[in-house]
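A.B. asks: Below you'll find the structure I mean.
The values are calculated or read from the model by the stated rules, or taken from the named source; none is laboratory data. Values in this document were obtained by computation on a predicted structure and should not be read as measured data. Every residue, glycine as well, gets a Cβ built from its backbone with ideal geometry; the counts of neighbours run over all protein chains shown. Accessible surface areas use protein heavy atoms only, side chains included; no ligands, DNA or RNA. Shrake-Rupley method; radii C 1.70, N 1.55, O 1.52, S 1.80 Å.
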Amino acid sequence: MVITSTLDKPRLHWVDAAKGLLIVLVAMVHTISRAEELGIACPAIGVIVIISGIFCFRMPAFFILAGFWGKYDMSFKDFLIRNAKGLLLPLLIFSYLGGAFHEIFYEILKRTYNAGALEGPFLDISLDYWFVLALFLAKCVYWVVCRISSKQIIKLLICIGIYALGVMSLNAWFLPNFACWKWALIMLVYLPIGQWVKDNLSGWIAFAIALAIFVAGYSFYRWQGTFIPIPGGGMKYINWMSALPSLLLCTAGSLVFLKLCSLIKRARVLEMIGRNTLAIYVMHWWIEILVMKVLRGFFAQGVWISTVAIIVTIAVAVLVPCMISELLNRPKLKWILGKH
């Protein structure tokens, strides 16, 4: 999803592991909507619903990680080209590959589907991935913010003001959300927060305070029986009443999560997954729905078998795009993704 560079410092392996865990959570949570589309119900889906609530901060955490490091001192032209090559070009490539993968395996596996499971094969290139577009636009806006002031507190206050404008824009139904610009205004604030989290990650006092805030906030919403106001693809739970609680809850949860991840020494599989989050984010839903259609019959065969089917679905949806991305990142092929 985001490419983390430590510039002159050695690569922090735990950052890749954290991204790996987050993208697995994203793929896991998306099985809920896939199951609804296919009429699948099993105990494992219920567990994933609970996990979705606990890790409600998963998308802001990606923005916070993107805010750990950023090179905003170059010209806007160079900055624009750099981020277009790092985000938009891979989005286009992996979207096409995802459609091609779906097309090919539809032809191979279509006889394993139940009647009516799939209307017909198709090849689609979609750029409607809100996170990537919002991150690209948010980074461009943050480049401007960095030109206004070099002081971290000033940049944070400006971004909080933009966050308020983003929340306001959600009610402006007459304004089209072109390239997910409304989402970008809301998520922008997590870039300067990322720098603050990075600076305070080594201490345990900030961790304890963040843990208390997150537990209290999460418990309150569960006690009220209402949805936790997390920013996501629809932003439907973000409004004037929930904007500040959402910001506090997501920041606190992300700090707690990242602090715990920073204790990881090495986790090579998670690190590999974390290095390829963009490919997984774009391609996983194509693969996820294919696997769930093929395994449809197993989801009704008891707790253990249905749980194994869910685990297999998530594993395949994460690892296949990861392997494709690893292949394209070879020295002779990475030019396809805009890398030298």
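A.B. asks: In whole percent, and with a 1.4 Å probe on the protein chains, what portion of the accessible area of region 253-315 is carbon and sulfur?
C.D. replies: Ligands and nucleic acids excluded, carbon and sulfur give 74 percent.
A.B. asks: Please compute the modelled spin-label separation between R266 and M323, points set 7 Å along Cα→Cβ, answer in nm with one decimal.
C.D. replies: With each label point 7 Å from Cα toward Cβ, the separation is 2.4 nm.
A.B. asks: Sum up the charges of everything whose Cβ sits under 13 Å from the Cβ of L295, counting Lys and Arg as +1 and Asp and Glu as -1, but leave L295 out.
C.D. replies: +2
A.B. asks: Rounded, prolate or oblate for region 230-340? Axes are the square roots of the Cα gyration tensor eigenvalues, ordered a ≥ b ≥ c, and the cut-off for rounded is a/c under 1.5.
C.D. replies: In terms of gyration-tensor shape, oblate.
A.B. asks: Report the residues of region 248-265 in range of a label on I54: point 7 Å along Cα→C-beta, backbone N strictly under 15 Å from it.
C.D. replies: 253-254, 256-258, 260-261
A.B. asks: Using packing as a proxy for protection, rank 298-306, 206-214 so that the peptide with the highest average count of other Cβ atoms within 10 Å comes first.
C.D. replies: Descending packing order for the listed peptides: 206-214, 298-306.
A.B. asks: With every protein chain kept in place and ligands, DNA and RNA left out, what is the accessible area per residue of the chain? Probe 1.4 Å, answer in Å².
C.D. replies: In whole numbers, the chain has 48 Å² accessible per residue.
A.B. asks: Based on the alpha-carbon gyration tensor of region 178-252 and its eigenvalue square roots a ≥ b ≥ c, which shape applies: rounded if a/c is under 1.5, prolate if not and a/b is larger than b/c, or oblate?
C.D. replies: Oblate.
A.B. asks: Can you tell which of L201, S246, I186 lies farthest toward the positive end of the dipole of the chain, using +1 and -1 charges on the Cβ of basic and acidic side chains (Lys, Arg; Asp, Glu)?
C.D. replies: Positive-end residue among those listed: L201.
A.B. asks: Would you please put 75-85, 173-183, 269-279 in order of how densely packed they are, using the mean number of other Cβ atoms within 10 angstrom per residue and starting with the highest?
C.D. replies: Averaged packing, sorted descending, gives the order 269-279, 173-183, 75-85.
A.B. asks: Here are some pairs, K19/K339; K19/K85; K71/K265; K182/K334; which of them have Cα atoms lying more than 23 Å apart in this structure?
C.D. replies: K71/K265; K182/K334
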